[in-house]
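Take a look at the structure below.
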Amino acid sequence: MEKKPILFLENIDKAFKTSDGDFYALKNINLSFPNKGLHCLVGKSGSGKSTLLNLLLQIEKPTKGEIFYKNKKISKFKKKDLNNYRNCVIGTIFQHYNLFEDLSVIDNIILPSLILGENRKDCIKRANDYIKQFNLEYLSKRIVKNLSGGEKQRVAIIRSIMNNPDILLCDEPTGALDDTNSVLIMKILKELSNDRLVIVVSHNLDLVEQFSDRIITLHDGKTILDQYRNEIKESNFKKQKINKRKFNWTKIFIRKHLKQNFVKNFLTYFSTLFGLLAIMCSIGFNNGIEETSRNAIQNNLAISTATVSKKQYIDIPNSPLQYEKSTRPHNDELQFLYNIIPSLVIEPNLSYFVPTNPTFSYRDEILNTISFIPIYNHHLINSYNEIVVNNKFLELLNLDKEEIIDDYLYLIHKVSPTIKTDDIVNPFIKDNIEIKEQLIIKEVVDEFSFLNNPKIYYSYPLFLEFVSNIKLENISNYLGYEMDGLSYVISSNDDSMMSSYSSLLFVKDKQDINRLFSLKDELDNEKADIRIESDPYLIQKTYVNFMTSFASSLQIFIIISFVGVCFIIGITSLSSFILYKKESAILTILGSSNSKILSIFLDESLFVILMSICSSLVLSFFVEKLINNIVYKYAQIENLISIPIYSYLGYPYLLPIALTIIIISISIIFIIVPLLIYKNISLSSELKDE
Ligand code: ADP
Ligand code: MG
């Protein structure tokens, strides 16, 4: 009867490493199997039957000896050949079925054919033919976990024959079934054995007696008996033809995992989402600082006012030291400024009569800490005694905007303009001027709060008129002609006792402000005689430096977020893999390649990542707005965060694209490395029937 053996085991030993040294589960096994018949392996528990089947499946490797399939050594199979061998040559049936409990009957059955590469429609058609032959039509759509043991085993048998294998390996297929079902299953296997080799491990000696063509008895890893019993008949079973085509079966599992791991994936999704939002906001912050601070400072009304003075270095007599002295430059020395800044106005500094930090009284309270700043024009100021205050002023008084508009306060200032005379008896002529002017608050302006102080803005041109109306009577009498406040300021030189040794610069056009500041930087760098001073610009520079160093420290947080996000993704996919170890083992037995199995976990994670990336891009708009609104409310900084979605570093859509690519590639590394480390799961222990 036996021509060429389809399977041949030659001098097989299988030893397991244990704490007491090597334990031989199989010793010197020599067996050959023809391509048909029901061959039963019997023997006590622990005699090595399952180990033998595992060797045939190549999920364990023999310590010694060779197994031949159609005269080819299966130990020499390449990866692809091995997958094909498990997928199409061998069908396996286990005591506890090893079906995918959460998939439907039909999905379980067609899986080996999908792995083979068959078109889904064709698989289903073929599967339905088998289902009909097994009288299981009523089960086809059901989820496996709701089936009875006998039904599950019949489903497992159909799955095992879907790809027309030459060999069926059955490890105690009736072990979990009652007598009726056991007989039914054995009948089916018997029928199947008419045109393929069926190797059945069984405890049930009655069934073995009744159905087997050959009984091989193992004892302590050795064959002690090998008897042939029956002739082998032809089969009634119709083998089906298989057309190979592509179908990505992994999506069945990806969908299943996404559903089963919903909570975990949801948490991963959120952690990734928040991580990405943090990254984008940090980048948006980095991106926004320069412009934001410039805009924020330019909101400051004082920005368009600067002072210009001439620095002189005077030798101190009999000393190597010099002192720096500021004087008011001549108009012709400032001519070059007009050429650079078209909208510039240069005026005398009136701070002798209108100081930058005068005393104010508001509702009988004396206020000393307020800056009094000239501006060139403001649409709400029509008279010299109309003023605009900033929000810091409001905070100082602890009042609401509504309360203070149209309210008034007093400017209080005393000066004694003096001139030198040639008279030795009266060397000085002096006027005593007392200024007490009622000022009306017309508006409160919101200003960038960084290093800002309470400020009152007045109109310079209107105050110029006020100062020129100040009469210096004693001085006029002495001089013999009218001397008013303005002519006193203009005529005074550095020898006089005045404090206003500079000129004021007003930039009428806001767009010229940056020119003024670059000019200031240039003059500072050149250490020129003429120097421009601007407090708001100084503050802006301080702010930018401060924020830039803050932003650079944020980059560390960006990296931490990145790594955190990637770790979360990696750990989730690893935990998913650990959770589905058995599933992976079954897929391996059905002939799936490792890369396909890895791709299930990878795709599951990538799906979650892509979802997070998309959501974070959408959400970033809202988060950006929200943060900016809050920051504006408390610090009057507009657009603190400006996430450069559309264009970054000059490239369109660089940020979303780069973020996606980087996150995905790092995640892939974080997913694949642990999975590869973890890949060496023991298939035999995962598939063990216990
Ligand atoms: P059975 O005939 O009951 O199926 P097995 O083939 O499962 O027996 O086991 C044969 C012997 O090998 C048993 O004594 C078992 O304990 C031992 N064995 C099986 N797998 C391993 C393993 N991975 N490590 C150590 N010993 C093992
Ligand atoms: Mg066993």
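No lab work stands behind these numbers, since they all come straight from the coordinates. These numbers were taken from a predicted model, which means no experiment stands behind them. In this analysis, Cβ positions are derived from the backbone assuming ideal geometry, glycine residues included, and neighbour counts consider all displayed protein chains.
What to note about this one:
- For L41, the residues 5 or more places off, or on other chains, whose built amide H falls under 5 Å of its own are V200, V201, S202, I216.
- Given their separation in residues at 0.36 nm each and the Cα-Cα distance between them, F567 and E437 gain 40.0 nm when the chain is fully extended.
- Net charge dipole size for the chain [Lys, Arg +1 and Asp, Glu -1 on Cβ; Debye, nearest 20]: 6780
- Gyration tensor verdict on the stretch 399-547 (Cα atoms; rounded if a/c is under 1.5, prolate if a/b is larger than b/c, oblate otherwise): oblate
- Degrees, to the nearest 10: 262-298 long Cα axis against longest axis of the chain: 20
- Between D206 and A15, the FRET efficiency from the beta-carbon distance, with R0 = 41 Å, is close to 0.75.
- Phi to ³J(HN,Hα) by Karplus 6.51 cos²θ - 1.76 cosθ + 1.60 over the stretch 124-138, Hz, x for Gly, Pro: 5, 4, 5, 4, 5, 4, 5, 4, 5, 4, 8, 6, 10, 3, 5
- Counting DSSP beta bridges with both ends in the stretch 133-235, the antiparallel % (nearest 5): 55
- Beta bridges by DSSP in the chain, antiparallel share as percent, to the nearest 5: 70
- Degrees, to the nearest 10: 105-116 long Cα axis against longest axis of the chain: 80
- In terms of surrounding Cβ atoms within a 10 Å radius of their Cβ, V631, V563 rank from fewest to most as V563, V631.
- Point-to-point label distance, Q335-D179, nm (Cα→Cβ direction, 7 Å offset): 12.6
- Cut-off 14 Å between beta-carbons: net charge of the residues surrounding I387, Lys and Arg +1, Asp and Glu -1: -3
- Spacing of the two label points (7 Å from each Cα toward its C-beta) at N545 and I366, in nm: 3.6
- Residues M547, M611 arranged by fewest to most Cβ contacts within 10 Å: M611, M547
- Whether the stretch 1-87 is rounded, prolate or oblate, judged on the alpha carbon gyration tensor where a/c under 1.5 counts as rounded: oblate
- Gyration tensor (alpha-carbon) shape descriptor, the chain, a/c threshold 1.5: prolate
- Computed helical MRE - 222 nm, the chain, DSSP H runs ≥ 4 contributing -39500 (n - 2.57), nearest 500: -14000 deg cm²/dmol
- Inter-site label distance for N164 and S553 at 7 Å from Cα along Cβ, in nm: 7.3
- Of K73/K222; K76/K596; K79/K596; K27/K190; K311/K520, pairs whose Cα-Cα distance is over 24 Å: K27/K190
- Cβ crowding within 10 Å, taken as a proxy for footprinting-reagent exposure, orders F360, F253 from fewest neighbours to most as F360, F253.
- Given R0 = 35 Å, the distance between the Cβ atoms of S416 and L538 translates into a calculated FRET efficiency of 0.65.
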